[in-house]
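Engineer: Below are the structure tokens for one structure; questions will follow.
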Amino acid sequence: MENNFIFAISLTIFAGISTSIGGLLAFFIKRDNMNLLALGLGFSAGIMIYVSLVEINGKASDSLKAYLGETQGEWLTIISFFFGILLAAGVDKLLPEKINQDNMSIDSREKLQRMGIFVAIAIAMHNFPEGLATFMAGMSDVTLGLSIAAAIAIHNIPEGIAIALPIYNATNDRKKAFLTATYSGLAEPVGAIIGYFLLREVFNELTFGILFALVAGIMIYISFDELLPMAKEYGNGHIEILGVTSGMLVMWISLILF
């Protein structure tokens with residue numbers, strides 16, 4: 001059992017710190033490259049929209065239907081998803097937003113940094129139950145645990161981009177961009193450890209489904225309220241749509257392969 005624990009927690013750490021790979025891109029992206037920033041923000045939005053609606057919300061629906069039945073499970077999925085959107089809107093209102101009409105460059109940097117932090121919080125919330133799921137799979141089945149960890153690691157790389165890119169462009173601080181992406185990914189092993197010691201008795205299909213539907217709603221809100229408007233603002237032509245399409249394609253292929 002101890003060996004299984006070490007293996008499972010190692011899987012969650014590996015999957016979680018994959019956000020650091022995305023964060024590392026901050027070291028190689030030229031600051032103030034607005035088209036590249038717009039492409040990256042659109043790419044991140046495409047990733048988050050696709051994975052939220054197809055993967056995360058789908059898993060939430062399957063779990064809740066298995067626990068409550070077809071009709072009740074579907075309704076609770078809908079309620080949890082839209083409550084996640086409302087929750088994200090509430091958090092958005094609580095985050096400070098400084099507006100300086102006389103200096104739009106400062107205002108833009110503040111909005112970018114704020115968005116990066118918001119994305120990091122949402123992804124950390126997403127990674128928490130994801131880490132628990134990876135850990136439990138690793139404890140029960142080596143092959144299943146490896147497969148889930150590999151898939152999550154692939155997903156976490158563009159999530160790291162979504163965090164690091166706006167923060168780096170806002171602050172010109174590569175270290176801060178990288179560390180913020182890394183800290184968000186570390187929510188996975190934290191979720192695994194807390195879940196193992198505290199939530200084993202109550203973590204079931206019901207709680208898993210509600211958590212994942214909430215996270216899907218939160219990520220949809222961030223994509224449409226933060227990422228896409230910012231991508232449109234900074235991009236020329238239809239560069240943000242190219243980013244969105246590319247993000248969806250990359251996520252779709254990663255789900256097929258892994």
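Engineer: Among E201, E188, E70, rank each residue by its count of other Cβ atoms within 10 Å, from fewest to most, as a rough exposure measure.
Structural biologist: On the way: E201 6, E188 34, E70 11.
Listing E201, E188, E70 from fewest to most nearby Cβ atoms yields E201, E70, E188.
Engineer: Okay, moving on. Return V202, V91, V51 ranked ascending by Cβ neighbour count within 10 Å, so the fewest neighbours appear first. Kindly include the intermediate steps, with their values, before the conclusion.
Structural biologist: On the way: V202 9, V91 16, V51 24.
Fewest-to-most Cβ neighbours within 10 Å comes out as V202, V91, V51.
Engineer: How long is the gain from T207 to A89 if the chain were fully straight, where each residue apart is worth 0.36 nm and the alpha carbon distance is subtracted? Mind dumping the intermediate values first?
Structural biologist: Numbers: separation 118, 0.36 × 118 = 42.48 nm, distance 2.21 nm.
In short, 40.3 nm is gained.
Engineer: Please check the chain for the longest run free of trypsin sites (Lys or Arg not before Pro) that are loop-located per DSSP (anything but H, G, I, E, B) and have at most 16 other Cβ atoms within 10 Å. Please report the intermediate quantities before stating the final value.
Structural biologist: Details: sites that count: K30, R31, K98, R200.
The segment 99-199 is the longest one with no such site.
Engineer: Can you give the extra length, in nm with one decimal, that the chain gains between N236 and I256 once fully stretched, where that is 0.36 nm per residue apart less the Cα-Cα distance?
Structural biologist: Details: separation 20, 0.36 × 20 = 7.20 nm, distance 3.20 nm.
Length gained, N236 through I256: 4.0 nm.
Engineer: What ranking of E130, E110 emerges when the number of other C-beta atoms within 10 Å of each C-beta is taken as an exposure proxy, fewest first? Before the final figure, lay out the partial values.
Structural biologist: Details: E130 27, E110 17.
By the 10 Å Cβ count, ascending, the order reads E110, E130.
Engineer: Could you sort the peptides 36-47, 244-255 by per-residue average Cβ neighbour count (10 Å cutoff), highest mean leading?
Structural biologist: Working: 36-47: 26.6, 244-255: 18.3.
With the highest mean Cβ count within 10 Å placed first, the list reads 36-47, 244-255.
Engineer: State, to one decimal in nm, how far the label point of T143 lies from the label point of S246, with both points 7 Å from Cα in the Cβ direction.
Structural biologist: Using points 7 Å along Cα→Cβ, the separation is 3.6 nm.
Engineer: R0 = 41 Å: FRET efficiency of E74 with N172, Cβ-based, nearest 0.05? Show your work: numbers first, answer last.
Structural biologist: Details: r = 47 Å, r/R0 = 1.14.
After rounding to 0.05, the efficiency reads 0.30.
Engineer: I'd like to verify something in the chain: which complete DSSP H helices, judged by Cα projection on the helix axis, reach 20 Å or more and average at least 0.0 on the Kyte-Doolittle scale? Please report the intermediate quantities before stating the final value.
Structural biologist: Working: long enough: 2-16 (21 Å, 1.13); 34-50 (24 Å, 1.62); 70-94 (36 Å, 0.91); 104-140 (54 Å, 0.46); 142-171 (42 Å, 1.28); 205-222 (26 Å, 2.13); 239-257 (27 Å, 1.99).
Correct list, ordered by number: 2-16, 34-50, 70-94, 104-140, 142-171, 205-222, 239-257.
Bear in mind these aren't lab numbers, they're just calculated from the coordinates by the rules spelled out. All values derive from a computational prediction rather than experimental measurement. Reconstructed Cβ throughout: ideal geometry from the backbone, glycine too, with neighbour counts over all protein chains shown.
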